[in-house]
Structures are given as C-alpha cells and as structure tokens.
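These notes are about the structure you will find just below.
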Amino acid sequence: MNIHEYQAKAILRNFDVPVPDGHVVYNSNSARDWARRLGDGPWAVKAQIHAGGRGKGGGVKIAKTADEVKQFARDMFGMTLVTHQTGPEGKIVKRVLVEKGSNIADEYYVSFLVDRATGKVTLMASAEGGMDIEEVAANTPEKLFFEVVDPVAGLTAFQARKVAFKLGFGTAQVKQAVPLLMNLYKAFVDTDCSLLEINPLIQTAEGDLLCLDAKLNFDENALFRHERIRDLRDYDEEDPMEIEASQYDLSYIALDGNIGCMVNGAGLAMATMDIIKYYDGAPANFLDVGGGATIERVTEAFKIILSDAKVEGILVNIFGGIMKCDVIATGVIKAAKQVGVKVPLVVRLEGTNVDLGKKMLAESGLNIVSAEGMTDAAEKIVKAVNIKGEMQTTLHAVANLHAPGVDSMLSSEKHSINE
C-alpha cells in the first residue's frame, strides 16, 4: 500500500526524523493561509500523487509570497500531472502540500528495502540524490552503496556512521546522521514497510540534515497490525478494478494486453502470462482467485476482467487441488451466463474433479473452448483473439467503402463475431 508524501512525513515525525514543517490543503485559499502560518517564505508547493518525478512534471513550485502560494496551488488543483511513473495518462491532483522552504546546500539519497536475495533489510545510499537518482542507478551504479542489516541486531551505530562517512558528511553532520538513519530503520521495521525512501535527504546551508521528501510503501499483509496506516489509503490513486478485486480477496493487477487471465495460484498465474507472451499474446491482467475460491469469487473475477475494455479474450487456467475443478466450472458457467461473455473463452482444467468439471462445461450450452494443457490453452486463446481482431479490421475496412448492401453484411458479420 502506498501513501502520500505528507502522510509519510507525519509518520516519520513520530519517530523523531527531521522533516520540514508543512500542511496538506484542498483549496488555494487554505494554501495561502497555511503559508502565512508557517512563517516567512519561501515556501514549497507540492502536488500530492502516488508517483515520483513530480518536480520535472511541474508538480513542485517554489513561492516567494503567500499570493504566489495561492496561485501555484490553484494551478495544481485538478491538473493532470504526468511523470515517468504515472504513464502517459497521468494522475489528477486533488491534494497539495504547502511546506516551509529549505536552504539546500547538498542533496543525498537514502532508502531501506527488503533485499530478496539476502532475505534482509538493506540500507541503500548515495551522495548523488535528487531528481536524477534513476539516471545515477542506471549509468553510474558504483555511486550507490549498500549496507545489509542483521535482523537480530538491527541497524547499528557503527553501520550508520560508516554510511554517513561514505556520504561525505563532516563531523557535525555525522552526529546528526547516525540517529537519523537509526530512526528511519526503526520506522521501517515498526510500521512493516516494504520500502522507505528519502530523496532527497538534504544538508541545509546552516548544516542541518532534513528529509525533504519521503516515500513509504507498506506490506499489505501486515496492515491488520496498523489500523491507522490502513486508514491512510487513498482510493482515488488506485485502479478501480484493483480496489474492487480486493473486496473479494482477489489478487488483481491490471496490465496493458488484451487477454484476460483467471488463474489459481500466483506461480501458475505468472507462468500463464509467460506462456501467453511466448505465443505472441499479451496478458491484460494478473488475477489469482486463490486456492479456496468460492463460486461467488469466481463470478466476481469474471466481472472484473470483463470490465476492462481492452479484453478481447479470456483464458481460465485452473489446477484443482484445494480448489476443485467442478467449483471452477460452476463459477465459469454462472459468470458467463450472468455477465454475458461475448469474447472468446478458453478454459484449461486439471486436478481434483477434472472430468466432472469438463463435463459441466461441455453440457453448459455456452461457447467455451476446452484446452488440454497450458500450451494448448495459450495457443487457442491467442489464435482466437487474433482471428477476432482480423475480422474486426476487415469489417472496418469494408465499412469505409460505403458499398451498397454493406449495412446488412456488417450486421450479419458482427453477429457471427459475437457468437
């Protein structure tokens, strides 16, 4: 789960991590009023969306007067902010953070994340912080350095000092950096973060260290321990279909392809997407219905897949262990009838009650293509989607001819495609 910058900074304050004074606002008049409350300018006006690169996209402005704060905030509210992390569609700005300005002397990068290779939390840092940190990682990775944290000992003062010296801090800044880094690690562990990123960590002209920006991602499996953090979730920043899926305990992630996937088990779901790509198809989603999915969950899964306008075919790939094939078959039939599936549907079933499940699908009277194995399933759904796409392309070409009798032919062809 992601949260906004202002929310992340509020959490870090509770761990005695130095962050700038600021306040989130929802209209331009409040922006001006809060700027005055924060004291003399300059102030930073920062659009709040779940994406990085806001500065390059015009989502961060420095104002010298309170009226400028109001004008910048007014310009940001309702704008579609496009960054390298939002994609071309961008995100609409609905919240703005007004923050007291800082006199920046140097910028650094610090983050904590779980390294799957070591199974431990790793501190990553660089003296090349700021907006171009992605370029540093890509072009000069030697400027990034890492410190692996022992899960029993935690981040030690020795490790924190070593990182501070590598960042090039002087004695005064090292004394600040050690508790700062140790408090960041405590925040990471105590709130069950999957990522804690400070970019930039700045040294002001006065010699103080300050976390100028903060990004916190949380392990959703641990949110039951953190009700206050869970309540920070901003549904406006998330895919509506992913939100709907979470209500039914479905693991769903939207992708850019046109073949909807419904699978039980994350590993099988990944393999299904891989084999679709292998046969030159493009998965439209990752969807894991889980090992103990009910008929209702399978039905909702179908509805979510079909709510994506890009979906031109569906592949159901189920290995029945805990999940019985006849239950999946019942859900597929019920969903197909209730939703009215009008795209090619290929179903591959294996495991418990597989013969019963296949019999139910065959006797359902629905246009369901049965597959034997993953290879057969992938080939069939990719072929079906390609055939439909070719037919639609042909129909569009014919429609542009405006020949006599085209309307009746198109009506007949469209009917056959839907069938």
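If you check A73, A51, A63 for being under 20 Å from I198 (Cα atoms) and surrounded by 20 or more Cβ atoms within 10 Å (Cβ to Cβ), only one passes: A51.
Filtering D280, D274 for residues that are over 15 Å from the mean Cα position of the chain (by Cα), over 24 Å from G320 (Cα atoms) and among the charged types (D, E, K, R) leaves a single hit, D280. Inspect all residues belonging to segment 277-296 and state whether any of them is without any contact (Cβ under 8 Å) to a residue 12 or more places away in the chain, acidic (D, E) and either in contact with a helix residue (DSSP H, G or I) (Cβ under 7 Å, 6 or more places away or on another chain) or surrounded by fewer than 20 Cβ atoms within 10 Å (Cβ to Cβ) (or both). For segment 277-296, residues without any contact (Cβ under 8 Å) to a residue 12 or more places away in the chain, acidic (D, E) and either in contact with a helix residue (DSSP H, G or I) (Cβ under 7 Å, 6 or more places away or on another chain) or surrounded by fewer than 20 Cβ atoms within 10 Å (Cβ to Cβ) (or both): absent. Looking across segment 178-226, the residues that are in contact with an Asp or Glu (Cβ under 7 Å, 6 or more places away or on another chain) and among the polar types (S, T, N, Q) come down to N183, S194, N199, Q203. Taking residues in segment 208-227 that are among the hydroxyl-bearing types (S, T, Y), and partners anywhere that are in a helix (DSSP H, G or I), not one pair has Cβ atoms closer than 8 Å while being at least 6 places apart or on different chains. Against the definition (crowded, with 16+ Cβ neighbours inside 10 Å and either at pLDDT below 90 or at positive phi (or both)), how does E244 come out, yes or no? The answer is no for E244. Would you point out the residue of segment 314-340, among those that are of a type in the set (A, V, I, L, M), crowded, with 19+ Cβ neighbours inside 10 Å and not in a strand (DSSP E or B), that is modelled with the lowest pLDDT? The residue in question is M323. For segment 354-368, does any single residue satisfy the condition of being closer than 16 Å to G260 by Cα and touching a Ser or Thr at 6+ places or on another chain (Cβ under 7 Å)? No - not one qualifying residue is present in segment 354-368. Please verify whether segment 150-163 includes one or more residues that are assigned by TED's automatic domain parsing to the domain that holds D213 and touching a Gly at 6+ places or on another chain (Cβ under 9 Å). Checked against the condition, which is being assigned by TED's automatic domain parsing to the domain that holds D213 and touching a Gly at 6+ places or on another chain (Cβ under 9 Å), segment 150-163 yields at least one hit. When the test is whether a residue is among the aliphatic types (A, V, I, L, M), surrounded by fewer than 20 Cβ atoms within 10 Å (Cβ to Cβ), within 30 Å of G168 (Cβ to Cβ) and touching a residue at least 24 places away in the same chain (Cβ under 8 Å), I104 passes it.
Residues checked against (1) out of contact with any Gly (no Cβ under 9 Å at 6 or more places or on another chain); (2) charged (D, E, K, R); (3) more than 23 Å from G87 (Cα to Cα):
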| site | (1), (2), (3) |
| --- | --- |
| I243 | yes, no, no |
| Q247 | yes, no, yes |
| I253 | yes, no, no |
| G257 | no, no, no |
| M262 | yes, no, yes |
| T272 | yes, no, yes |
| K277 | no, yes, no |
| D280 | yes, yes, yes |
| A284 | no, no, no |
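If we scan segment 181-189, do we find a residue that is surrounded by fewer than 16 Cβ atoms within 10 Å (Cβ to Cβ), outside any strand (DSSP E or B) and in contact with a helix residue (DSSP H, G or I) (Cβ under 9 Å, 6 or more places away or on another chain)? Checking segment 181-189: not a single residue is surrounded by fewer than 16 Cβ atoms within 10 Å (Cβ to Cβ), outside any strand (DSSP E or B) and in contact with a helix residue (DSSP H, G or I) (Cβ under 9 Å, 6 or more places away or on another chain). Only one of the numbered conditions (1) surrounded by fewer than 15 Cβ atoms within 10 Å (Cβ to Cβ); (2) over 19 Å from A10 (Cβ atoms) is not met by V163, and that is (1). Checked against (1) out of contact with any helix residue (DSSP H, G or I) (no Cβ under 6 Å at 6 or more places or on another chain); (2) under 19 Å from C261 (Cβ atoms), G313 passes all but condition (1).
Looking only at residues in segment 31-40 that are touching a residue at least 60 places away in the same chain (Cβ under 8 Å) and outside any loop (DSSP other than H, G, I, E, B), which one is surrounded by the fewest Cβ atoms within 10 Å (Cβ to Cβ)? Ranking the candidates gives W34 first. Which residues, counting only those in segment 107-127, are under 23 Å from Q7 (Cβ atoms) and in contact (Cβ under 8 Å) with a residue 40 or more places away in the chain? Hits for segment 107-127 are E107, Y108, Y109, V110, S111, F112, L113, V114, V121, L123. Where residues in segment 212-224 are surrounded by fewer than 22 Cβ atoms within 10 Å (Cβ to Cβ) and out of contact with any Ser or Thr (no Cβ under 9 Å at 6 or more places or on another chain), which of them is modelled with the lowest pLDDT? Filtering first and then ranking leaves N221. Outside any helix (DSSP H, G or I) and buried (at least 18 other Cβ atoms within 10 Å of the Cβ): does that describe P200? Answer is yes for this residue. When we screen T80, T86, T122 for residues that are more than 24 Å from L180 (Cβ to Cβ) and either small (G, A, S) or surrounded by 14 or more Cβ atoms within 10 Å (Cβ to Cβ) (or both), the only hit is T86.
The values are calculated or read from the model by the stated rules, or taken from the named source; none is laboratory data. What you see is a predicted model; the values in this text were computed from it and never measured. Using ideal geometry, Cβ is built from the backbone for each residue, glycine included, and neighbour counts are taken over all protein chains shown.
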